[in-house]
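S.K.: Sharing a structure with you now.
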Amino acid sequence: MGRVSEKAGTKKENPAEIIIQGDCIEAMNALPEKSVDLIFADPPYNLQLGGDLTRPDQSKVDAVNDDWDKFASFQVYDEFTRNWMNAARRILKDTGAIWVIGSYHNIFRVGATLQDLGYWIMNDVVWRKTNPMPNFRGTRFTNAHETLIWATRDADQKKYTFNYDAMKALNDELQMRSDWTLPICTGGERLKDGDGGKAHPTQKPEALLHRVLLATTNPGDVVLDPF
């Protein structure tokens, strides 16, 4: 999640997996038009943090305070959102779709921009976290969920991928609902930096991405993660 890829270079081991380092908007603008089947976007949340977060014992909370999440105003954030979404829409195939995930800080602005640019919202999905970070100050509700928006490229789009039966099978032969209860990324699944700390503050769990890909892609599809 950021304006610039956090991984250097391009993977050579598997030609089906390519990492492009650089500004995501410039990189998408350099890709061929209508060349991507699905986009999963985890853009900056624009948390607007005014300072460090601390627990009652005054220990520091490992929060999102990186430069890529800092914007001068809502207007600047909205312009950034329009720019990357326009770039994303250009490279989506006529049968393509996009998922965007966010918190209450940004998801409503992101959703409005999606609609303004011509995307068509199919569902919003609530990811309910089984182990969310508590609200240490006790001044508001524990923020225990994030929202995903699934949208097609166009409002009149007739063809898109939705693997209904696969999702039903994953849900004990019941229709998959739009509220998903899954834990946050922890333990061995967490990517670590050279110092043993989190390589990224908001790494998403594989189980969440598994559902997205199982539901809305087919084998051989091109999937892009711009952040």
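S.K.: Taking the DSSP beta bridges in region 126-227 as the whole, what percent of them are antiparallel, to the nearest 5?
M.R.: Bridges in region 126-227 that DSSP calls antiparallel: roughly 50 percent.
S.K.: Could you provide, to the nearest whole Å², the per residue accessible area of region 127-180 with probe 1.4 Å?
M.R.: 70
S.K.: Now for a separate question. Rounded to whole Hz and in sequence order, give me ³J(HN,Hα) for region 95-104 from the Karplus expression 6.51 cos²θ - 1.76 cosθ + 1.60, θ = phi - 60°, writing x for Gly and Pro.
M.R.: After applying 6.51 cos²θ - 1.76 cosθ + 1.60, I find 9, x, 8, 9, 10, 10, 10, x, 10, 4 Hz.
S.K.: For region 193-198, in order, what is each residue's ³J(HN,Hα) by Karplus, 6.51 cos²θ - 1.76 cosθ + 1.60 with θ = phi - 60°, in whole Hz (x at glycine and Pro)?
M.R.: Each residue's phi maps through the Karplus curve to give 8, x, 9, x, x, 5 Hz.
S.K.: At a 1.4 Å probe radius, which order do Lys204, Lys93, Lys70, Lys158 fall into by accessible area, largest first?
M.R.: Putting Lys204, Lys93, Lys70, Lys158 in descending order of accessible area: Lys158, Lys70, Lys93, Lys204.
S.K.: Quick one: which residues, 5 or more positions from Met176 or on another chain, have an amide H under 5 Å from its amide H? H modelled 1.01 Å from N in the peptide plane, none for Pro or chain starts.
M.R.: Lys168
S.K.: Using the Cα gyration tensor of region 67-125, with a ≥ b ≥ c the square roots of its eigenvalues, what is the shape: rounded (a/c below 1.5), prolate (a/b larger than b/c) or oblate (neither)?
M.R.: Note, shape of region 67-125 comes out prolate.
S.K.: Considering every Cα-Cα pair within region 123-227, what fraction, in whole percent, is farther apart than 17 Å?
M.R.: Cα-Cα pairs in region 123-227 separated by more than 17 Å: 65 percent.
S.K.: Over region 92-227, what is the relative contact order in whole percent, taking alpha-carbon pairs under 8 Å and six or more residues apart?
M.R.: RCO, region 92-227: 26 percent.
S.K.: Also, I was wondering about something else. With θ set to phi - 60°, apply the Karplus curve 6.51 cos²θ - 1.76 cosθ + 1.60 along region 25-38 and write out the HN-Hα couplings as whole Hz, x wherever there is a Gly or Pro.
M.R.: With coefficients 6.51, -1.76 and 1.60, one gets 5, 4, 5, 5, 5, 8, 7, x, 5, 6, 10, 10, 7, 9 Hz.
S.K.: Oh, and also: Note down the accessible area of Tyr104, probe 1.4 Å, to the nearest 10 Å².
M.R.: Around 110 Å² of this residue is reachable by solvent.
S.K.: What order do you get for 161-170, 78-87 when each peptide is scored by the mean count of other beta carbon atoms within 10 Å, highest first?
M.R.: Averaged packing, sorted descending, gives the order 78-87, 161-170.
S.K.: Amide H neighbours of Thr95 under 5 Å, at least 5 residues apart or on other chains, H built in the peptide plane: list them.
M.R.: Under 5 Å from the amide H of Thr95 lies no amide H from a residue far enough along the sequence or on another chain.
S.K.: Name the residues whose placed amide hydrogens come within less than 5 Å of the amide hydrogen of Asp154, ignoring near sequence neighbours (fewer than 5 apart) on the same chain.
M.R.: Result for Asp154 returns Trp120.
S.K.: Now for a separate question. Of Lys158/Lys204; Lys93/Lys158; Lys70/Lys198; Lys34/Lys192, which ones are farther than 23 Å apart at the Cα?
M.R.: The answer is Lys158/Lys204; Lys34/Lys192.
The values are calculated or read from the model by the stated rules, or taken from the named source; none is laboratory data. Predicted, not measured: the structure shown is a model, and the values here were computed from it. For neighbour counting, all protein chains shown are included, and Cβ atoms are generated from backbone atoms with ideal geometry for every residue, glycine included. With ligands, DNA and RNA removed, areas are computed over all heavy atoms of the protein, side chains included. Shrake-Rupley method; radii C 1.70, N 1.55, O 1.52, S 1.80 Å.
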